[in-house]
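Worksheet: one structure, shown below.
The values are calculated or read from the model by the stated rules, or taken from the named source; none is laboratory data. All figures in this text were calculated on a predicted structure; none of them were measured in a lab. Ideal geometry is used to build each Cβ from the backbone, glycine not excepted, and the neighbour counts take in all protein chains shown.
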Number of protein chains: 2
Amino acid sequence: MLRNVLYLALGTIVLSGCISIHTTEYASESKEHQVLRHVVMFKFKDGTSSQQTREIEDAFRALPGKIDAICDFEWGTDVSVENRHAGFTHCFLVTFRSEADRAEYIPHPDHKEFGKILGPHLDKVLVVDYWAAK
Amino acid sequence: MLRNVLYLALGTIVLSGCISIHTTEYASESKEHQVLRHVVMFKFKDGTSSQQTREIEDAFRALPGKIDAICDFEWGTDVSVENRHAGFTHCFLVTFRSEADRAEYIPHPDHKEFGKILGPHLDKVLVVDYWAAK
């Protein structure tokens, strides 16, 4: 019986470690593990085709696979209902673990390459970064 | 030995359930469990004191404890380095599980009450919602 309890406890400890590593990537749960969020919004120029829009989305979505400094990434298109979106149609939430990782991302060649795809179609961009607190 | 393996497996199954429930609250990891993000940015009027700013922050931060429709919440002040923040100083990321939860939140009395605290000091607001995809 004691041995069974010990095995259960061992399983608990091992998996608690997994939970901790896992959740740190997605959200700030404690001051010690705050993440740096990088919120990027785009409004494209009139005349940007749906194919061009898709190419920009795909190019941004490819960055987490190319730039290790990105520890989490999500995105979506505006579906707000309060008419306060100021024309922005796209939101990308890029997450870093540190300012050093952000400093690696901004001038990264693959990020610059993405900028070349985006640039010709960009009407407005908004970028706000914050340390995620509860 | 077989019994020990079974106990370990049991621990794994129980804790996997916990991981699954836990991470769903924080990020969209699959199409089946996408979350609806509600990104809210503020710029306060010139002359808004640091105490008034703190009262607004605290009032917003209190909403997840008052409105069940909010399934996750985080916030922070702008620390971006690219000068694309358009004057916005505050970003709040409110997460819902569904459009129905958002529809409950928007006219909720506690949300309206928050609006009364915010309103006199608000210069600009931006709201973009998106279904979080990878």
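Could you look through segment A:22-48, keep only residues that are at pLDDT 50 or above and facing chain B (nearest Cβ under 8 Å), and pick out the one that is surrounded by the fewest Cβ atoms within 10 Å (Cβ to Cβ)?
A:36
Mind counting the residues in segment A:62-107 that are more than 30 Å from residue B:105 (Cα to Cα), at the interface with another protein chain (Cβ under 10 Å from one of its Cβ atoms) and surrounded by 15 or more Cβ atoms within 10 Å (Cβ to Cβ)?
Residues in segment A:62-107 being more than 30 Å from residue B:105 (Cα to Cα), at the interface with another protein chain (Cβ under 10 Å from one of its Cβ atoms) and surrounded by 15 or more Cβ atoms within 10 Å (Cβ to Cβ): 2 in total.
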